[in-house]
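Colleague: The following block contains the structure, expressed as structure tokens.
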Amino acid sequence: MIELREHQRNGIQTLREGFRKGYDRQLLVMPTGSGKTLTAAHIALAARDRGRLTAFIVDRIELAAQAAETMRAVGLRCSVLQGANSQMESEHEVLVGSIQTIARRGLPDPGLLIIDEAHVLHRAHADLLEGYSEVPVVGLTATPYTTGLGRCFSNIVLPATIAQLVARGFLVPAVAYGPSRPDLTGIDVRGGDYVVAQLSARLRGGAITADIVSTWQRLGDARSTLAFCADIEHARVVAESFAAAGIPADHVHGYQDLKQRRETIERFKRGEIRVLASVACLSTGFDAPIASCAVLARPTRSLTLHIQQIGRVLRPHPGKRDALILDHAGNVEMHGMPEDIAIGQLDEESKTWRARLPDSKWLEPCPHCSKMLAAHVRQCSCGFRPTRGNRIGVRDGALVRIDEMTRASLRRLFQELLGLASDLDRDRGWAEWIYREAVRQAPAKSWENLAPLAPSEETKRIARAVRLRYADERRAA
Ligand SMILES: [Zn+2]
């Protein structure tokens, strides 16, 4: 049988203690590449030894076969519920099925529910949990950031962070560059993220794509690369731009013929395609450890998507020492690097899990070589030494412009800072602090009930400038 690693054993042990303390709905958070399904199989083994049937619930039926294989590999008798083609074993110990199928057909007296990809919170999941309120539940996810997850789970178990897995050699470290960011002014946000059609039209502009290709030629070191794009059209344009520069490139998407899609991915795995462009994050379960560079071409406000994208290039592979992130989307500046993002506590009020990034972990590009640097870094690997004066050129410019601002534009700045605070999961006090630091006066009393506005790029630059100045001053002190 496949031996468990320390973090996998710890995860199971901590879940067990959680159940003993009365948490009957627990979320097991394990980063991509840390062996979630294998851990789940061992949880099901323990349940079997107590005479309980485990139901393993996948988000999409394509994931069922892979999960069933892992269950059988540890010696479990496993049936797959799949419409008319159910493969039923007699006396099964695990039942694998998609949430859609299970919602339709129900379950025969389960003793444990394991929900795979638990961050994809369908209405059907909530109904299922309500219907089986007496049955213990383990949710599995690498990204516990979905709003409302706290309503379904009462305890979070985090046996190893990305940083710890990197330190133990189970994942490779990432190095990020932020060579450019698109201007997102005027692009609407709906359902928490940018409107894809608007985003794609903006991103397909020739200058942006040309910059992606030339940056990769300069920094990419001919690595096997995944480029994450906004939609199919954008992925096609990015792949064609690479191909036009003589770099073997192609794109895949979910509406492609399955056989063609698989073939393209196989060619990428063999190294025949150097750059593979795709939409969003590739499907869950995509596994190509040879990929050691991620081009972030699609700006996203979703922390989940950001972590999924970078997670695709962190798997170890022979000869792979690190992963290169070429961020043309501003995603690292907005969310940080996955290894720095701490999982927060359960927020009792909004019932969501909160992610926190410590102040020292905010990154911004070196003005010289565009490598992403934390505020405390004294010297970039290119030799550039950030100081108060040169750290970001726009800082003083922005502040000078603030002196000339009218009251109306100051009010707008404050409203946009409120919007930024909400984007970054900060409170109103944070917006007030940035405002005070930037314009050297307190927000007007009459602004008490102003609504937040979507922050402009300039407002974000001002906020960044204030944070960096604060970090500089603390360092000097
Ligand atoms: Zn540098």
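The values are calculated or read from the model by the stated rules, or taken from the named source; none is laboratory data. Fair warning: this is a prediction, and the values are worked out from it, not measured in the lab. Neighbour counts run over all protein chains shown; Cβ positions are idealised from the backbone, glycine included.
Colleague: Condition check: surrounded by fewer than 21 Cβ atoms within 10 Å (Cβ to Cβ) and of a type in the set (Asp, Glu). Does Asp116 satisfy that?
Modeller: Values: surrounded by fewer than 21 Cβ atoms within 10 Å (Cβ to Cβ): no; of a type in the set (Asp, Glu): yes.
So Asp116 does not fit the description; no.
Colleague: Return yes when Pro179 is within 28 Å of Ile325 (Cα to Cα) and either among the β-branched types (Val, Ile, Thr) or not in a helix (DSSP H, G or I) (or both) and no when it is not.
Modeller: Values: within 28 Å of Ile325 (Cα to Cα): yes; either among the β-branched types (Val, Ile, Thr) or not in a helix (DSSP H, G or I) (or both): yes.
Judged against the criteria, Pro179 is a match.
Colleague: Could you grab me the full set of residues in the range 353-378 that are modelled with pLDDT under 80 and hydroxyl-bearing (Ser, Thr, Tyr)?
Modeller: Selection gives Ser360 alone.
Colleague: In addition: With respect to Leu199, determine if the residue is assigned by TED's automatic domain parsing to the domain that holds Gly83, out of contact with any Leu (no Cβ under 6 Å at 6 or more places or on another chain) and touching a residue at least 12 places away in the same chain (Cβ under 8 Å).
Modeller: On the way: assigned by TED's automatic domain parsing to the domain that holds Gly83: no; out of contact with any Leu (no Cβ under 6 Å at 6 or more places or on another chain): yes; touching a residue at least 12 places away in the same chain (Cβ under 8 Å): yes.
Taking the combined requirement at face value, the residue does not satisfy it.
Colleague: Kindly indicate the residue of the range 412-450 that is under 29 Å from the mean Cα position of the chain (by Cα) and charged (D, E, K, R) and also farthest from Gly192 (Cα to Cα) among those meeting that condition.
Modeller: Glu432
Colleague: Take Ala65 and tell me if it is more than 23 Å from the chain's Cα centre (by Cα), among the aliphatic types (A, V, I, L, M) and farther than 20 Å from Asn155 by Cα.
Modeller: Details: more than 23 Å from the chain's Cα centre (by Cα): yes; among the aliphatic types (A, V, I, L, M): yes; farther than 20 Å from Asn155 by Cα: yes.
Spelling it out, Ala65 is indeed more than 23 Å from the chain's Cα centre (by Cα), among the aliphatic types (A, V, I, L, M) and farther than 20 Å from Asn155 by Cα.
Colleague: Given the conditions (1) modelled with pLDDT under 95; (2) touching a strand residue (DSSP E or B) at 6+ places or on another chain (Cβ under 9 Å), which single one is not true for Arg123?
Modeller: Only one criterion in (1) modelled with pLDDT under 95; (2) touching a strand residue (DSSP E or B) at 6+ places or on another chain (Cβ under 9 Å) is unmet by Arg123, namely (2).
Colleague: A follow-up question, please. Do any residues in the range 174-193 that are closer than 14 Å to Arg461 by Cβ and assigned by TED's automatic domain parsing to the domain that holds His368 have Cβ atoms under 7 Å from those of residues that are in a strand (DSSP E or B) and among the hydrophobic types (A, V, I, L, M, F, W, C), where the two are at least six apart or on different chains, and which pairs are they?
Modeller: Once the first residue is closer than 14 Å to Arg461 by Cβ and assigned by TED's automatic domain parsing to the domain that holds His368 and sits in the range 174-193, its partners that are in a strand (DSSP E or B) and among the hydrophobic types (A, V, I, L, M, F, W, C) give Gly178/Met372.
Colleague: Exactly one of these conditions fails for Ala46: (1) among the aliphatic types (A, V, I, L, M); (2) out of contact with any Gly (no Cβ under 6 Å at 6 or more places or on another chain); (3) more than 26 Å from Ala342 (Cα to Cα); (4) buried (at least 18 other Cβ atoms within 10 Å of the Cβ). Give me its number.
Modeller: All conditions pass for Ala46, except number (4).
Colleague: Further, regarding this structure: Is one or more of the residues making up the range 416-424 more than 27 Å from Ile187 (Cβ to Cβ) and at pLDDT 85 or above?
Modeller: no
Colleague: Looking only at residues that are at pLDDT 80 or above and farther than 24 Å from Asp188 by Cα in the range 447-465, which one is surrounded by the fewest Cβ atoms within 10 Å (Cβ to Cβ)?
Modeller: Glu448
Colleague: Just to be sure before I move on: is Thr147 more than 26 Å from Leu303 (Cβ to Cβ), surrounded by fewer than 22 Cβ atoms within 10 Å (Cβ to Cβ) and β-branched (Val, Ile, Thr) in the structure I sent? Walk me through it before giving the result.
Modeller: Numbers: more than 26 Å from Leu303 (Cβ to Cβ): no; surrounded by fewer than 22 Cβ atoms within 10 Å (Cβ to Cβ): yes; β-branched (Val, Ile, Thr): yes.
Judged against the criteria, Thr147 is not a match.
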